[in-house]
Amino acid sequence: MPSTRTPPDPTAEPGITWEIEVPLLTNRDVVGSTFAAFGLSVLIAGSLVGLMLAAQGEWDAILPIFGVLGIIALVLFGIGLLAMALVFRGDMRFRFTVSDEHISCELIDTTARAVNRLTIVAGVLASRPGAVGTGLIATSGDVTTLGWDGGFRAAYDPKRRTISLHNGWRRLLVVYCTEQNYVEVAAFVRARIASRGTDRRVPARSPLPRMLGYTAVAVIASLLAFPLVDVADVSLFLLFVMLCFAIAMIWLVSLFGYVVLACIVAVVASVIADAASLRESYLRPGETYRHLEVFSEDDWVTFGIAGIGLGILGALAVRAVRGRLPSMLERDADSSGG
């Protein structure tokens, strides 16, 4: 039987591979990204805790929470800079490869790889899932690969000998070249992007504003259901979980929409169960009534507003699970050629 294997393309250029020490403390990309990550963590954590406090009427505690989280973030940022200087000696070693199929970056620094794996082991031994997760996330980032069939643009900086690859909303990778190979690598990347149409697949408009809008809608819709805690004894924890997964559905994995839908069903079931529950009359001892019988007009207005919020949130979740609202992480995978 004749082979159907496609013969190699004799015109394809061989790949270029090199190793380089990337500076950390003097690198504005590294320091800036690290600072931005801590700042974003403070914003997200503070906002979520602030929503919980606001739902309980503790408005005065929100600003102090942001202050405490900010101080913690600054301390951790300082520790990170210190670790860059002492543990990693101010730099990390990477291996870059550009080929006819993709461009990749691999962390080969022995110290960094050892720290990542020790974090996982220490987390397992100490029964700390957070430490294990941190180590696994770090290990998963040891290799970053972008395919030319993705959608990204390149920005060239001959002075710093770097090539920054961006999709429509963020930087995906910075390629650090040596003084000897920068011109060759830049020409290779420029040719591959032009021949594969990689930059033409970058969306004309960034999806970031739209996704931020969806996030705002999801948060507001979720908050409309929070008064049910007082009116129908709905679990505050359940509503908070629904809110968190609604945000994760938009930014991480769209299939989290199923969790949001399950939470909505649980909220509705909780309201129905509370409305149908029997309660003992304070005015007529021994007699019982259903909670539904004493709902006031304000209570029904609260149910109506909460229903609108749950309906909007459910519509977003249905769009997400049907693939009509891909998350930002999934969009990143598409633009990376993943």
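Read the figures in this text as sums done on the coordinates, not as results from a lab. Being a predicted model, the structure only gives us computed values, none of them experimental. All Cβ positions, glycine included, derive from the backbone under ideal geometry; neighbour counts span all protein chains shown.
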Inset, instruction - Return one quarter of the surface area of the convex hull spanned by the alpha-carbon atoms of segment 14-90, equal to its mean projected area, in nm². - result: 7.4 nm²
Legend entry - Gain in span if fully extended, A45 to L212, counting 0.36 nm per residue against the direct Cα distance: 58.5 nm
Legend entry - Label-point separation in nm, L252 to I72, each point 7 Å along Cα→Cβ: 1.7 nm
Legend entry - Residues in segment 245-277 that a label on L238 would reach, taking backbone N under 11 Å of a point 7 Å out along Cα→Cβ: 263-275
Legend entry - Approximate spin-label separation F35-V301, in nm, with each point projected 7 Å along Cα-to-Cβ: 4.8 nm
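Quick check on packing: order 232-239, 100-107 by the mean number of other C-beta atoms within 10 Å, highest mean leading. Could the numbers behind the result be given before it?
Working: 232-239: 17.0, 100-107: 19.0.
Answer by packing, highest mean first, reads 100-107, 232-239.
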Inset, instruction - Which order do the peptides 240-251, 70-81, 176-187 take when ranked by the mean count of other beta-carbon atoms within 10 Å per residue, highest first? - result: 240-251, 176-187, 70-81
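So if R0 is 56 Å, what FRET efficiency would A54 and S195 give, r being the distance between their Cβ atoms, rounded to the nearest 0.05?
Details: r = 54 Å, r/R0 = 0.96.
Step by step, r from the Cβ atoms, then E = 0.55.
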Legend entry - Length-normalised contact order of segment 209-321 in % [C-alpha pairs under 8 Å, at least 6 apart]: 38 percent
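What number, in percent, do you get for the relative contact order of segment 14-90 if the mean sequence gap of Cα pairs under 8 Å and at least 6 apart is divided by its residue count?
Rounded, it is 36 percent for segment 14-90.
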